[in-house]
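One structure below.
The values are calculated or read from the model by the stated rules, or taken from the named source; none is laboratory data. Worth saying up front: this structure is predicted, and the values here are computed from it rather than measured. Don't worry about glycine lacking a Cβ; one is built from the backbone with ideal geometry, like all the others, and counts go over all protein chains shown.
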Amino acid sequence: MGILDHLAVDGHLLRLFVTVYEEGSVSAAARRLDMAQSAVSHALNRLRRLVGDPLFVKSGRRIVATQHAERLVPQARAIMDGLKALTAGNGFDPAQARLSWTVAANDFQRDLLLPRLYARVAARVADFRLQIVPSGRPTSEMLREARCDLLISPAPPEGLDIIQKRLFDDRYVCVFDGAHRASPGTAADFLAGRHLTVVHPSADPLNFDKALEGLGIRRDVVVSVANFSGLAPFLRGTDLMACVPGRLHALELADFQAAPLPPTCWPRPRPARTPCACTWPGTCAPSTTRPRPGCAGSWRPWRGRWPRTAKRQSHPAPRTPPPPGGRRCWRLARRNRWRSAGSLP
């Protein structure tokens, strides 16, 4: 046996050897392994050459293991168990886990979500350390450079190596001190009043303000604060108004009145809504974001030609993605549909 012959022994050979030993027959081992009997015999002969022993000898209509094979069986089983443990991976036991997370979030997402997140995780693991950093204007580099493990933002960054999960949608409401002003019932009342808004330290206005600016609607903003927690002192005792997410009103501004935004302020309700998404590093974005080419959940529109014998309809149906059967099945389906409609001879 050569000095490097042991490298030719792999897990498949060991499993075959143990199976033949347990069955006491090459044909029975072949049926159990779902292999041809000739393939089992060939592999067994290769193992015999490697170990320098016949391993099994005939005894009537069965085969019997040699003394050397009897000594090798426990070793082979131990090696197979080691290989199985090597590829099984470590199981996760929450009761023994010690976690340390860094979450990037601004004040609204921080106060709304992270206290409950900490309470639920801390109750299930042995030790949980949570560090919260401001997200500001979130970028994908914050995740790629491991500056945070999780990012919560209404405007999450995009990337093929980043996974996103939408947490909820919220609607903006108009918040004010009811003792000093009436509810803005019309668009004219809303635009005539004085407003308070949030501009983050990165000089990035709210998505609500961006949407209004895109529609050409301008409010009279007289006060800007750096975060949502600075709104209450300016609202209390004044006639100012602030447009905030509805969940923020229920969480931190419940002492103030809230009114729905006048629908005539904009031609569509899009500016009145705000999403919140959770983002973390990953190998491929899921189908809830834009699918990566070649990943599951992505498809390409059909770009085949019309059949030569078919007459193009004056108003064809809009094209939809082809079925799993492929482009040929797609063409045959359309051809049969035209034939049933009388467009084909």
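Listing for the model above:
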quantity	calculated
Looking only at the stretch 19-38, and only at residues there that are of a type in the set (Asp, Glu) and assigned to a helix (DSSP H, G or I), the one that is surrounded by the most Cβ atoms within 10 Å (Cβ to Cβ)	GLU23
Looking only at the stretch 114-160, and only at residues there that are part of a helix (DSSP H, G or I) and not aliphatic (A, V, I, L, M), the one that is nearest to ASP93 (Cα to Cα)	ARG120
Considering residues of the stretch 230-261 that are within 31 Å of the chain's Cα centre (by Cα) and assigned to a helix (DSSP H, G or I) only, the residue surrounded by the fewest Cβ atoms within 10 Å (Cβ to Cβ)	ALA250
From the options PHE190, PHE208, residue that is in contact (Cβ under 8 Å) with a residue 24 or more places away in the chain, surrounded by 15 or more Cβ atoms within 10 Å (Cβ to Cβ), in a helix (DSSP H, G or I) and in contact with a Leu (Cβ under 8 Å, 6 or more places away or on another chain)	PHE190
When residues of the stretch 131-152 are limited to those that are polar (S, T, N, Q) and surrounded by fewer than 20 Cβ atoms within 10 Å (Cβ to Cβ), the one nearest to the chain's Cα centre (by Cα)	SER140
Residue within the stretch 176-192 that is at pLDDT below 85 and in contact with a Phe, Trp or Tyr (Cβ under 7 Å, 6 or more places away or on another chain) present	no
Pairs, first more than 30 Å from LEU150 (Cβ to Cβ) and in the same structural domain as GLY237 (by TED's automatic domain parsing) in the stretch 162-182, second in a strand (DSSP E or B) and among the polar types (S, T, N, Q), C-beta under 8 Å, six or more apart	PHE176/GLN257; ASP177/GLN257; GLY178/GLN257
Given (1) in contact with a Leu (Cβ under 8 Å, 6 or more places away or on another chain); (2) of a type in the set (Phe, Trp, Tyr); (3) closer than 26 Å to LEU151 by Cα, number of the condition PHE17 does not satisfy	(3)
The stretch 75-103 residues that are free of Cβ contacts under 8 Å to residues at least 60 places away in the same chain and basic (Lys, Arg), paired with ones that are assigned to a strand (DSSP E or B) and surrounded by 10 or more Cβ atoms within 10 Å (Cβ to Cβ) (beta carbon under 6 Å, 6 or more apart)	ARG98/ASP127
Residues (surrounded by 16 or more Cβ atoms within 10 Å (Cβ to Cβ) and more than 12 Å from PHE17 (Cα to Cα)) located in the stretch 54-78	ILE63
